[in-house]
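Below is one structure, written out as structure tokens; comments come after it.
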Amino acid sequence: MQTLFFVILVIHIIAGTSALLSGLGAIVFRSKVKIHKPFGKVYFWSMTVIFFSALYMSIVHQNIFLFCVSFFTYHSCLVAFRALKLKKLHIDQKPTNFDWAIEFFFTLVHIGFVIFACILLKNDRTSFGIISLVFGILGLRSNYDTIKRLRKKLVHKNYWLLAHIGGMLGSYIGAITAFVVNNSRVIPLPNLVLWLGPACLIVPLLIIEIKKHEKKAGKFVVDAKL
């Protein structure tokens, strides 16, 4: 068992390093498609390896927060990946059963985060309770936005690009969060700062990027009913 755990840990570390570097490359070269795509593919598959390896390690070591962050991060990554496959929802394309299954499953997971947060807060475990609550609420908001898109409640013409940007940057926040928390012994900051700091730093940049692309593409014109 220890040998298996060590092997999976090594794989997890390699995939984590790959995700951090390829994710950064995808962000830096976001306007250069030919360079951006290879970085993005490496990032997605690295995050897939991270998700399954982190699930195993979190269960073996009963690390509930590694378990929670793994789900939150991978959901964002899946949303971004599938958004590229759903560019014609405004015409005649329909989401697949796989897309609906993703949202159903992860909605249940994020509701679980919120319930777990309430239990922690009730037992005066404030810091971890706030962390779980924040990830749960952010996750549910992502579920809400994605379900609206799958139901073709579309506003902006580049809806798929906005979903891709939001999902990838959201997952990258989770990846950085996991990195700093796992290295908390050498980072002299409170747990709350380690868990929420990356989100506080990157979310404003995400909002700016989203607003820029929203303005550039414009909205769908809806004929008013007389």
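The values are calculated or read from the model by the stated rules, or taken from the named source; none is laboratory data. Worth saying up front: this structure is predicted, and the values here are computed from it rather than measured. For neighbour counting, all protein chains shown are included, and Cβ atoms are generated from backbone atoms with ideal geometry for every residue, glycine included.
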*Consider Ser76 against the criteria (1) at pLDDT 95 or above; (2) among the small types (Gly, Ala, Ser); (3) under 24 Å from Gly16 (Cβ atoms): it satisfies all of them except one. Which criterion is unmet?*
(1)
*From the residues in the range 12-58 that are assigned to a helix (DSSP H, G or I), among the small types (Gly, Ala, Ser) and surrounded by fewer than 19 Cβ atoms within 10 Å (Cβ to Cβ), which one is modelled with the lowest pLDDT?*
Ser58
*How many of the residues in the range 146-164 are under 20 Å from the mean Cα position of the chain (by Cα) and in contact (Cβ under 8 Å) with a residue 24 or more places away in the chain?*
11
*Picking from Asp124, Asp145, which residue would you name as being assigned to a helix (DSSP H, G or I), among the acidic types (Asp, Glu) and either at pLDDT 85 or above or under 24 Å from Met57 (Cα atoms) (or both)?*
Asp145
_Go through the range 1-33 and report how many residues are of a type outside the set (D, E, K, R) and over 19 Å from the mean Cα position of the chain (by Cα)._
15
*If you go through the range 133-145, how many residues are under 17 Å from Ile207 (Cα atoms) and touching a residue at least 40 places away in the same chain (Cβ under 8 Å)?*
3
_Single residue of the range 169-179 satisfying the filter (within 15 Å of Ala54 (Cα to Cα) and of a type in the set (Val, Ile, Thr)) that is surrounded by the most Cβ atoms within 10 Å (Cβ to Cβ)_ = Thr177
*Could you grab the pairs with beta carbons closer than 7 Å, sequence gap of 6+ or different chains, first residue in the range 18-29 and touching a residue at least 24 places away in the same chain (Cβ under 8 Å) and closer than 14 Å to Met47 by Cβ, second one of a type outside the set (Ser, Thr, Tyr) and surrounded by fewer than 17 Cβ atoms within 10 Å (Cβ to Cβ)?*
Leu20/Phe179; Ala26/His36
*Can Leu89 be described as hydrophobic (A, V, I, L, M, F, W, C), touching a helix residue (DSSP H, G or I) at 6+ places or on another chain (Cβ under 8 Å) and in a loop (DSSP other than H, G, I, E, B)?*
yes
